[in-house]
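Please read the structure below before turning to the comments.
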Amino acid sequence: MSENIFIDEAIITVFGGKGGDGIVSFRREKFIPKGGPDGGDGGDGGNVIVVSKIEKNTLTDFRFKKKFRAENGKNGQGKKMHGRNGKNLIIEVPVGTLVYDYETNELIADLKYPNQYVVVARGGKGGKGNVHFMNSKVQAPTIAEKGVEGEVKILKLELKVLADVGIIGYPNVGKSTLISVISNAKPKIANYHFTTLIPNLGVVDMGDGNTFVVADIPGLVPGAHEGTGLGDRFLKHVERCYCIVHILDISESEGRSAKEDYYVIRNELEKFSPELSNKLEIVVANKSDLLDEEELNKRIKKLENEISKKIIPISAATKKNVDKLLNEIWNNIKEMRIDRQKEILKSLKNAPEKLKLDIKPIDIEVPKKVRFEIIKWDEGIYEVTGKEVEILLKKYPIEQKDARIKILEILEKSGLEKTLKNIGVKEGDTVYLGNFAFEYME
């Protein structure tokens, strides 16, 4: 894979595990020829859990793999043995990942701290074994429940980089050079536009254990909010920053006016997000080493009047005034950064893999009466169908005799016999229920 591929959006499908089936079983022990039912319950299906990990920094894992399945529960066994629950599936994503329901666009979770997690697809409940169906009338039940299917969801994952400071500006004004000078980031640097195709992240060490994270946001040109120059993909990564460092080329070596550059980028921020445009902004005039001191001071004073902002002149190439810039940034963000660091340290202790998660499995509520419809397929051939009928068939395996009896009892209470007569079903006609055919008898 190319080192410049940065995946910040992905669409995946997640499947909770199916519950294991309960089973029909009877005691078979010496000297107990007619032992009672002892069929165990099926295990619950595993859940799919999305967890944020500080070690991850891109959604590349989802570039090719799109489907994620938790383990199914195991079937019950004789001697009332419960089937093993399916294992949970943990999907790791970078800190700063937003999880959306793709079909409704509803935000499910904003995982902005390490080890935050969200259950995105619950497993199905295991079916009951025949031991649960013995009563005074039925001493040897041949009925057991099927396990319930797990949840299926289509998710949209969207990564917004969690940097404290976003470095913005036209291509080739020195953003990548600055981030390489002030942090541990090693971006690709060259003298042409769009060198940076990914948001470069770096950690700035201010000493005494104080650090902050900077991100070099690429692709900002006129029309960026609409997608020109990749800008709309990357502007969102500035949204979580406390502060924006706006770099201008004071030497105007590209033939553009620093004033015009400033207002073009400001316009893009405002069109993309009013909230983004209101963030604290520190304006930096880079490439000051290309001008003599008199010309530099003249341009800085003129530009400050034109944009009504204080400007810090620097040279990323010679590191002139870079320390002054870092102190200005730190003084503006340190309180917010320290609060975030406390939350991060706290969250690092809560890895969901180590927690006992109490997650209720998906179950099917069987109604005492069901709504149904009858379809006439041909002369003398009918089918009983409907959503609530499907629920019955998912819960009880119709191939089991006692399960068929239970299904038909519920349908009788719901008025099936009367409805069949009313539509003209005659003795000897065939009535389908699921994949099972009955001969109608009056």
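The numbers here are math on the coordinates, done by the rules we state, and not lab data. Source: prediction; values computed, not measured. Positions of Cβ are backbone-derived with ideal geometry, glycine not excepted, and every protein chain shown enters the neighbour counts.
Were the residues from Asn331 through Lys346 laid out at 0.36 nm apart, the gain over their Cα-Cα distance would be 3.0 nm.
So if we plug the beta-carbon distance of Tyr432 and Asp101 into 1/(1 + (r/R0)^6) with R0 = 25 Å, what FRET efficiency do we get, rounded to 0.05? The computed FRET efficiency comes out at 0.10. Volume per residue for the chain equals 205 cubic angstrom (convex hull of Cα atoms). For the chain, the mean residue ellipticity at 222 nm estimated from helices alone is -7000 deg cm²/dmol, where every DSSP H run of n ≥ 4 contributes -39500 (n - 2.57) and the total is divided by all residues, rounded to the nearest 500. Ranked by the mean number of other Cβ atoms within 10 Å per residue, highest first, peptides 239-245, 282-288 order as 282-288, 239-245. Calculated on C-alpha atoms, the gyration radius of the stretch 373-439 divided by its Kirkwood radius gives an Rg/Rh of 0.94. As a proxy for reagent exposure, ranking Met336, Met81 by other Cβ atoms within 10 Å from fewest up yields Met336, Met81. FRET efficiency for the pair Ile54 and Tyr263, taken as 1/(1 + (r/R0)^6) with r the Cβ-Cβ distance and R0 = 41 Å, rounds to 0.65. Only beta bridges with both residues in the chain are counted; by DSSP, about 55 percent of them are antiparallel. The simple spin-label model puts a point 7 Å past each Cα toward its Cβ; for Glu306 and Lys66 those points are separated by 4.9 nm. A Cβ-based charge dipole, computed about the Cα centre of the chain with Lys and Arg at +1 and Asp and Glu at -1, lands at about 1820 debye.
The packing ranking, built from the mean of other Cβ atoms within 10 Å per residue, places the peptides 324-335, 258-269 in the order 258-269, 324-335, highest first. Each peptide in 428-438, 111-121 receives the mean, over its residues, of other Cβ atoms within 10 Å, and ordering these scores from highest gives 111-121, 428-438.
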